[in-house]
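Colleague: I have a structure I would like to understand better, so I am pasting it below and will then ask my questions one at a time.
Bear in mind these aren't lab numbers, they're just calculated from the coordinates by the rules spelled out. The structure presented is a predicted model; accordingly, all values stated were derived computationally and were not measured. Cβ atoms come from the backbone with ideal geometry, glycine included; neighbour counts cover every protein chain shown.
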Amino acid sequence: MSDHQQPEDQSELDLLRHHVAELQQRLNTSEEYGHMLRQVLNNLPAAIYITRADGHIAFTNTSFAANWGKVPSDFEGCALSDLFPAEIAAMWQQNVHDTIQGGVLVANQEILGEGDAARHYDNMRFPLYDITGTPIALGGVATDITDRVQAEASYAETRRILEGIVNNSPTVIYVKDPNNRLILVNTTYAAVMGRTVEDLIGRTEDELFPADLVASWRESDRQLFASGQPMHFPNTFSINGEAREFISVQFPLYDGDHQPYAICGLSTDVTDLKRAERDRENLQQEIIAAQQAALRELNTPLIPLDDDIVIMPLIGSIDSARATQVMETLLDGVSRHQAQLAILDITGLPVVDSQVANALLQAAQAVKLLGAEVLLTGIGPEVAQTLIGIGADLSGLRTPGTLQAGIMYALRHKRR
């Protein structure tokens, strides 16, 4: 080799060394980038995988491997048929073929496992290409949505239960926004209005009820939002031409920030209950009146002694009400029995004051007007003094000392 050729060779060697160093630097950078990318993918909750066209797995992240109780190295480089049951491997291989051939992203949901062990996945599959644009593998991202699916199913079940309760309740139930627009009504509300639920949702109360009634409701709504406390009040509506009574309660509904966004109302038809209460009260009054009549009969008994003779023994104290009752019973008895003689026995009266004495004398005079005679029996010393003291006019009134004497007189009088 000549002296002239040696420097040129040295220059080419240096250039080659520099190029190798650059390649090494790129390789190190690429490996570092690949290492970081793998860490990112391994920390994602979604299961990520790459499957080559020949059915061998090129990559899985930690989440994918954990779903099968393994680590990524247990999958990478292995054939699908060596890893999974024949049915799953065949399905997976078909997905690889279809995705690569189709050349488009495919999204679907899949269920792996059965019963309580079943897991739900939201899958995305897409083709991967080399630098020439040739599809060489399938890339996949599977997100475990089991908790979401179960929560949605639980929510749907809860919603069905609540809808069943609301729509089968005899209570009118509704929810309206601050603009009085109905956002929920139950079937009972619709039946009361003579419309369908679908026809009522979205309508305002202004479209359904008289203006003066809606105006009063708006004032109540304003107070309800201001106080935040439930309000109870009665309502009366005409349904099929019949006035129906309701007891209503309204309360505000709040969003996540505790801001009121709607009003819920519950109205219970109490027409039949009110009617039953009124009937019960009327019946109770009738019973009380019957009891009072029975007591009057017990307190002022009228005993027929013979065809035209009646006896009324008075026992206990007499006030103005009972004095009136005595007179009514005595006059009715004399008239009903066509009595010629009535015996008033006051042996059982502990006290006869001026008021009682006057009542007895008035009763005797009233009986005389009916054409009958009155005997007043059982007058004791104290009663006699009272009668004298008030200047009672006993003329024309027979006063045998005892009831026995009065009865004997009545019977002798009848024989004569």
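Colleague: Residue by residue through the stretch 269-284, which ³J(HN,Hα) values in whole Hz follow from phi under the Karplus form 6.51 cos²θ - 1.76 cosθ + 1.60 (θ = phi - 60°), with glycine and proline marked x?
Modeller: Values per residue, Gly and Pro as x: 6, 10, 4, 5, 5, 4, 4, 5, 5, 5, 4, 5, 5, 4, 5, 5 Hz.
Colleague: I would also like to ask the following. Just the number, please: percent antiparallel of the DSSP beta bridges in the chain, rounded to the nearest 5.
Modeller: If we restrict to bridges inside the chain, about 80 percent are antiparallel.
Colleague: Let me ask something else about it. Would you kindly work out the equivalent ellipsoid of the stretch 2-158 from its C-alpha gyration tensor and give its semi-axes, the square roots of five times the eigenvalues, largest first in whole Å?
Modeller: Semi-axis lengths for the stretch 2-158 are 46, 18, 14 Å.
Colleague: Same structure again: Among SER63, ASN180, ALA79, which residue has its Cα furthest toward the positive end of the charge dipole of the chain, with +1 on Lys/Arg Cβ and -1 on Asp/Glu Cβ?
Modeller: Most positive-ward Cα: ASN180.
Colleague: A follow-up question, please. How much FRET efficiency would the formula 1/(1 + (r/R0)^6) give for ALA156 and TYR261, where r is the Cβ-Cβ distance and R0 is 22 Å, rounded to 0.05?
Modeller: Approximately 0.40, to the nearest 0.05.
Colleague: For Rg and Dmax of the Cα atoms in Å, pick the label among (i) 23.3, 75; (ii) 28.3, 84; (iii) 53.2, 191 that corresponds to the value derived from the coordinates.
Modeller: (iii)
Colleague: Under a Cβ-only charge scheme (Lys and Arg +1, Asp and Glu -1), can you give me the dipole magnitude of the chain about the Cα centre, in debye to the nearest 20?
Modeller: Value, rounded to 20: 3380 debye.
Colleague: Which residues' amide hydrogens lie under 5 Å from the amide hydrogen of VAL270, considering only partners 5 or more residues apart or on another chain, with H built in the peptide plane?
Modeller: The answer is GLU245, PHE246, ILE247.
Colleague: Quick one: which residues, 5+ away or cross-chain, put their amide H under 5 Å from the amide H of ILE311? H built at 1.01 Å from N.
Modeller: Answer set, sorted by chain and number: ILE303, LEU305, ILE343.
Colleague: I would also like to ask the following. Which whole-angstrom value gives the distance between the alpha carbon centres of the stretch 108-158 and the stretch 350-416?
Modeller: Their Cα centres are 111 Å away from one another.
Colleague: So what are the ³J(HN,Hα) numbers for the stretch 303-313, from phi and the Karplus equation (6.51, -1.76, 1.60; θ = phi - 60°), rounded to whole Hz, Gly and Pro as x?
Modeller: My calculation for the stretch 303-313 gives 10, x, 8, 8, 4, 10, 10, 10, 10, 10, x Hz in order.
Colleague: Taking H as built 1.01 Å from N, whose amide H comes closer than 5 Å to the amide H of THR347, not counting residues under 5 places away?
Modeller: LEU314
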